[in-house]
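The values are calculated or read from the model by the stated rules, or taken from the named source; none is laboratory data. Here the structure is a predicted model, which is why all the values come from computation and not from measurement. Counting neighbours? That spans all protein chains shown, and the Cβs are built from the backbone with ideal geometry, glycine included. In case anyone asks, the SASA skips ligands and DNA or RNA and just uses the protein heavy atoms, side chains included. Shrake-Rupley method; radii C 1.70, N 1.55, O 1.52, S 1.80 Å.
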Amino acid sequence: MIDGWQHRTMASALSLAIVVFGVVAPISLSAEVQSAPPITLPQATTVIWQNDSSHPPSGSEVNETDTLDLVRSLIELSRQSGDLRALGKAEVLLQKVPASDLDAAVLSAIIDQRKHLFDKAAATLSRVLAAQPNHPQANFTAYSLAVVQGDYQQAGEACLRLGSIGYKLIEQSCRHNLMGLKGQPQKAFDGLQRVLNNPPPHIHQERAWTQATLAELAAAIEHPDTPALYHPTLALAPEDHYSAASLADWYLQHDKAQSALAILNGRPASDRLDILRLIALRQAGSPEAESLHSRLREQFSAAGQRDSAIHLHEHARFLLDLEQQPEAALELAKKNYEIQKERADKRLLERARRAVEASQ
Amino acid sequence: MKRVVIAILLYGFAVNTAFSHEASTSYLYWHSEQPNTLRLDLALTDVMLHLTPETPPQLTWVELKNQADAIARHLVSDIVIRKGQAACELEAELSGLTEYADESFSVWQVHWQCPQEAGIFQPTTLDYRLLFNEDSLHRAVLTRHAPGMWLLPSGIHVLKPDSLPSTLLPPVSQNAAYGVLAALLTAGVLLIVRIRRLSSRQRA
């Protein structure tokens, strides 16, 4: 039996439930989502798309060797242009090759490295190196991975193995790079410069790589000839956008916006290069800066909806240098430093920390 | 041989090399007011790289419209809507273009009809598989707009190759059950408060 007051209680409870669950909750939760962007209807003959990618055609009937070559060309395309679609396509193709193939495993580790899945890449390389300790690409990628993870002992071991299988100039380069990373950049710079004056036998790619290491060490010690040291690297490897970005960054730190823009001109619209472009345009007082700024803001917002950690460094830099949000930048720079610990990552973290201190 | 290897060695260099933001991403919008329709925004680059027999140097609107039926067949074969266990029948139509961060996207309206036997007591789910076999980094961002639906409120979900099917519309029975449970819980709390008050009065 339900008496009068119990009945009133039940009735008021139901009313309350309706109010709480039927009205309040939907209002508060539906405010989170965004509406879809507007739809346009172009004229019939309007050109709506141009093919600016250079993805190699992927036939369905290719053998294992052809597939690996295709994967290599897609990774190279991704490296040069920053094209993530090429990397995703390479990974799909690689799944068609048996996992027991060591070359395929190394390429898979390179893809994971580029996706910043460093632990997974390192585990794959350990397996390859256990089976074939002198695999050149596995050793080189293992060296790069160890450097980015701040494991200089592992990096040194991979570096020595590269020397023992004939890559003597690369061994010198990575040995001096590690010396610089461990706190002796001046000694490393002087030593590598002496090596380059009388180098062991090498091919031009080894020279380009070593020259880039020397330029990076020069930047680390604030050497006044840093640009002059980057130029031979870029002459030997014009599509080395990493070195181009480092040189542009050096110019920007020394208020030489026009020189930075000249180096960046004609290079792809990757996020790192675009951030440098924007800083340069701002320094130069160019009106083009605003539209690029808006586009980058929109791109970082869109990338943030995905599950990716690969934009952490650039997003932190964007927030620090262009959005004047040091706290948010520091948070991302810390997250980034947990994953990768190269010179640029450490420098960004220190700058973000200083910016937060200055703002308090 | 050494030259080949050294060229590849450079892949490992510059881990910090930045990417463009153009990872393949599609956008899906579902609104509870039109529960049998989904808007799919798909980058024209993805359409032309993966859903057409050839990738032309450029494309006009009329050329896209001429291929729309064939592309739509691809779309509906890799998007599965189910009412309970029953697969619904989908069709897609091209409705225009839109933009995300300076990249052009085609806009498709995907409509479906579910078998009669799948009643209102079954949830409607979306199993998105589009482009995952072509690009492992492809993701879909699903915006589910459901004002008034407290059990499964509005939200944004990133769909990946290993994602489970997403629920678009929860079953009515589940809604009702949670509604009754919520009401009973509230009634219970009020009842306890009332009993305690009565006890206090009696003691006084």
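Being in contact with a helix residue (DSSP H, G or I) (Cβ under 7 Å, 6 or more places away or on another chain) and either among the basic types (K, R) or closer than 20 Å to B:P161 by Cα (or both) is not true of B:L59. Candidates A:A138, A:A131: the one that is aliphatic (A, V, I, L, M) and more than 25 Å from the chain's Cα centre (by Cα) is A:A131.
The residues of region B:75-89 that are of a type outside the set (A, V, I, L, M, F, W, C) and more than 23 Å from A:A36 (Cα to Cα), listed by number, are B:S77, B:R82, B:K83, B:G84, B:Q85, B:E89. Is it fair to say B:L9 is in contact with a Leu (Cβ under 9 Å, 6 or more places away or on another chain), at pLDDT 95 or above and either at the interface with chain A (Cβ under 9 Å from one of its Cβ atoms) or crowded, with 19+ Cβ neighbours inside 10 Å (or both)? Spelling it out, it is not the case that B:L9 is in contact with a Leu (Cβ under 9 Å, 6 or more places away or on another chain), at pLDDT 95 or above and either at the interface with chain A (Cβ under 9 Å from one of its Cβ atoms) or crowded, with 19+ Cβ neighbours inside 10 Å (or both).
Name the residue, out of A:R175, A:R127, that is without any contact (Cβ under 8 Å) to a residue 24 or more places away in the chain, open to solvent by 70 Å² or more (accessible area, probe 1.4 Å) and either more than 18 Å from A:L214 (Cα to Cα) or within 13 Å of another protein chain (Cβ to nearest Cβ) (or both). None of the other options fit; the residue is A:R127. For A:Q258, are the conditions met, namely being outside the structural domain of A:Q299 (by the TED database) and closer than 29 Å to A:L162 by Cα? So A:Q258 fails the test. A:D69 meets all of the listed conditions (1) farther than 30 Å from B:R39 by Cα; (2) modelled with pLDDT under 90; (3) surrounded by fewer than 14 Cβ atoms within 10 Å (Cβ to Cβ) but one, namely (2).
Residues checked against (1) in contact (Cβ under 8 Å) with a residue 12 or more places away in the chain; (2) within 7 Å of chain B (Cβ to nearest Cβ):
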position	(1), (2)
A:R79	yes, yes
A:D83	yes, yes
A:L93	yes, no
A:K96	yes, no
A:A99	no, no
A:A104	yes, no
A:S108	yes, no
A:K115	yes, no
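Within region A:72-85, can you find the residues that are open to solvent by 20 Å² or more (accessible area, probe 1.4 Å) and polar (S, T, N, Q)? Steps first, answer last, please.
Within region A:72-85, the subset open to solvent by 20 Å² or more (accessible area, probe 1.4 Å) is A:72-73, A:76-77, A:79-81, A:83.
Correct list: A:S73, A:Q80, A:S81.
Within region A:328-346, if we keep just the residues that are surrounded by 14 or more Cβ atoms within 10 Å (Cβ to Cβ) and among the charged types (D, E, K, R), the residue that is farthest from A:N177 (Cα to Cα) turns out to be A:E331. Of all residues in region B:23-71, those that are within 9 Å of chain A (Cβ to nearest Cβ), closer than 25 Å to A:S35 by Cβ and hydroxyl-bearing (S, T, Y) total 5.
Quick test for you: out of A:P224, A:P238, A:P200, pick the one residue that is open to solvent by 30 Å² or more (accessible area, probe 1.4 Å), closer than 17 Å to A:C174 by Cβ, out of contact with any strand residue (DSSP E or B) (no Cβ under 8 Å at 6 or more places or on another chain) and not basic (K, R). Please lay out each step first, then the result.
On the way: A:P224 fails: closer than 17 Å to A:C174 by Cβ; A:P238 fails: closer than 17 Å to A:C174 by Cβ.
Result: A:P200 is the single residue among A:P224, A:P238, A:P200 that is open to solvent by 30 Å² or more (accessible area, probe 1.4 Å), closer than 17 Å to A:C174 by Cβ, out of contact with any strand residue (DSSP E or B) (no Cβ under 8 Å at 6 or more places or on another chain) and not basic (K, R).
Out of the residues in region B:78-102 meeting the condition of being assigned to a strand (DSSP E or B) and among the polar types (S, T, N, Q), tell me which one is most open to solvent (accessible area, probe 1.4 Å). Result: B:S95. Looking only at region A:258-273, how many residues end up being modelled with pLDDT under 95 and open to solvent by less than 60 Å² (accessible area, probe 1.4 Å)? Of the residues in region A:258-273, 7 are modelled with pLDDT under 95 and open to solvent by less than 60 Å² (accessible area, probe 1.4 Å).
Taking region A:293-309, which residues are among the aliphatic types (A, V, I, L, M) and open to solvent by 20 Å² or more (accessible area, probe 1.4 Å)?
Of the residues in region A:293-309, the ones among the aliphatic types (A, V, I, L, M) are A:296, A:302-303, A:309.
Once the filter is applied, which keeps residues that are among the aliphatic types (A, V, I, L, M) and open to solvent by 20 Å² or more (accessible area, probe 1.4 Å), region A:293-309 yields A:A302, A:A309.
Of all residues in region A:295-309, those that are of a type in the set (A, V, I, L, M, F, W, C) have Cβ atoms under 9 Å from Cβ atoms of residues that are at pLDDT below 80, 6 or more apart or on another chain, in A:L296/B:H21; A:F300/B:H21; A:A302/B:H21; A:A303/A:I310; A:A303/B:H21.
When we screen A:I170, A:I165 for residues that are crowded, with 22+ Cβ neighbours inside 10 Å and over 19 Å from A:I339 (Cα atoms), the only hit is A:I170.
Which residue, of A:E239, A:E216, A:E206, is in a helix (DSSP H, G or I) and touching a residue at least 60 places away in the same chain (Cβ under 8 Å)?
On the way: A:E239 fails: in a helix (DSSP H, G or I); A:E206 fails: touching a residue at least 60 places away in the same chain (Cβ under 8 Å).
Of A:E239, A:E216, A:E206, the one residue that is in a helix (DSSP H, G or I) and touching a residue at least 60 places away in the same chain (Cβ under 8 Å) is A:E216.
Whether a residue is farther than 26 Å from B:D46 by Cβ and more than 10 Å from every other protein chain (Cβ to nearest Cβ) was assessed, and A:T141 does not pass this test. In region B:127-153, the residues that are free of Cβ contacts under 8 Å to residues at least 24 places away in the same chain and more than 9 Å from every other protein chain (Cβ to nearest Cβ) reach residues that are open to solvent by less than 20 Å² (accessible area, probe 1.4 Å) and not in a loop (DSSP other than H, G, I, E, B) with C-beta atoms within less than 9 angstrom, at least six apart or across chains, in these pairs: B:L152/B:R144; B:L152/B:L168.
Out of region B:33-58, which residues are acidic (D, E) and more than 23 Å from B:W112 (Cβ to Cβ)?
Quick first cut of region B:33-58, residues acidic (D, E) only: B:33, B:41, B:46, B:54.
Matches in region B:33-58: B:E54 only.
Does B:T52 qualify as being at pLDDT below 95 and open to solvent by less than 20 Å² (accessible area, probe 1.4 Å)? Judged against the criteria, B:T52 is a match.
Please find, among A:G156, A:G88, the residue that is assigned to a helix (DSSP H, G or I), away from chain B (no Cβ under 11 Å) and either open to solvent by less than 30 Å² (accessible area, probe 1.4 Å) or at pLDDT below 95 (or both). On inspection, the qualifying residue turns out to be A:G156.
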